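Let me begin by presenting the structure, written as structure tokens, before commenting on it.
The values are calculated or read from the model by the stated rules, or taken from the named source; none is laboratory data. These numbers were taken from a predicted model, which means no experiment stands behind them. Glycine gets a Cβ as well: all are built from the backbone with ideal geometry, and neighbour counts include every protein chain shown. We work out accessible area using only protein heavy atoms, side chains counted, and drop any ligands, DNA or RNA first. Shrake-Rupley method; radii C 1.70, N 1.55, O 1.52, S 1.80 Å.
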Amino acid sequence: DREDPEARLRYFYEQRMYPGAEMPAAQRVRAFQRLSAMRAASASAKNRMKTAEAQWQLVGPKPTRTPGNPLYFTSGRVSAMAIDPRDNNVVYAGPADGGLWKTTDGGATWKPLTDDAPSLAMGSIALDPKNPDIVYVGTGELNFAADSYYGAGILKSTDGGATWKHIPGPFVRGRVGGLAINPVDTNVILAATDRNGVYRSNDAGETWALTLSGTTATDVLFDPDGKTAYASLGVSRTNVRNGVYRST
């Protein structure tokens with residue numbers, strides 16, 4: 001009876017006595033101690049999070065003020081990053097639609113590299129493991145957003161981003177969301193695209209062939225042995241081909 005205070009009280013305690021017939025001794029005290037321990041653990045986790053956050057700092061490119069509203073700052077998405085294995089102060093960053101940027105001083109300053117490229121929409125970056133001055137950039141942002149711009153193929157530089165070669169391939173008006181270079185034979189490259197799936201090049205990006213099809217590929221990578229490759233297929237609207245694939 002909802003209107004009977006005693007019945008409500010009995011219902012409340014009978015749930016906590018189950019399967020016994022009476023409330024266990026000191027149960028309320030133990031519950032309070034458990035609650036206190038949970039609160040302490042939560043506070044400790046928050047403190048650890050604050051400590052971890054304190055170890056990070058924004059290194060740019062800096063957000064900009066919105067015209068007409070000096071109190072509102074805006075910044076685009078960063079879709080891809082790559083670090084030069086020879087010098088971790090050298091970093092490449094690819095925002096969603098801002099072209100490729102490079103820092104040589106750990107993020108203190110940044111320089112745009114592809115302002116004159118056919119596409120400024122960045123999807124992926126890969127450095128040749130044997131010669132990191134060779135840079136591949138997949139254009140087109142593959143983030144399934146309404147404002148994710150398509151690209152114009154792949155950009156390749158052999159001098160650390162000073163000059164670029166445009167490789168349209170089969171990717172024009174598509175999106176290249178992942179690039180992987182074979183660490184043993186760097187002429188072999190995999191590209192994850194929204195155009196059918198995974199493409200493979202055996203000649204350092206000059207020509208491409210479809211090797212895994214069915215739906216959009218979101219990422220690719222090689223095992224350090226160079227013999228095994230992994231790829232992820234998947235679209236947010238679901239597809240029977242969604243999943244992780246392995247090639248030996």
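Before moving on, here are some points about what is shown:
- 222 nm mean residue ellipticity, helices alone, for the chain (DSSP H n ≥ 4; -39,500 (n - 2.57); rounded to 500): -5500 deg cm²/dmol
- Between helix 27-54 and the chain: long-axis angle, C-alpha atoms, 0 to 90°, nearest 10: 20
- Neighbours of G214, meaning other residues whose beta-carbon lies under 13 angstrom from its beta-carbon, give a summed charge of +1 when Lys and Arg score +1 and Asp and Glu score -1.
- Taking amide H atoms as placed 1.01 Å from N in the peptide plane, the amide H of N143 has no partner under 5 Å among residues 5 or more positions away or on other chains.
- Simple spin-label estimate for D87 and V59 in nanometres, 7 Å along Cα-Cβ: 1.3
- Largest GNM mean-square fluctuation across R39, R16, R237, computed for the chain with C-alpha springs under 10 Å, falls on R16.
- Going by accessible surface with a 1.4 Å probe and the largest first, D159, D194 read D159, D194.
- Pairwise FRET efficiency - D105 versus K50, Cβ, R0 = 25 Å, nearest 0.05: 0.35
- On the beta carbon distance between Q15 and R39, with R0 = 22 Å, the FRET formula returns roughly 0.40.
- The amide H of G178, built 1.01 Å from its N in the peptide plane, has A192 as neighbours under 5 Å, considering only residues 5 or more places off or on other chains.
- Relative to the longest principal axis of the Cα atoms of the chain, helix 5-17 runs at roughly 60 degrees.
- The chain - accessible surface per residue (Å², probe 1.4 Å): 62
- Ordering of 227-236, 81-90, 184-193 by packing [mean C-beta count within 10 Å, highest first]: 184-193, 227-236, 81-90
- The listed residues F222, F73, F171, once ranked by accessible area (1.4 Å probe) with the largest placed first, stand as F73, F222, F171.
- A simple spin-label model places the labels of T207 and R241 2.3 nm from each other, with each point 7 Å out along Cα-to-Cβ.
- Spatially close lysines, pair count over the chain: Cα under 14 Å, gap of eight or more or interchain: 4
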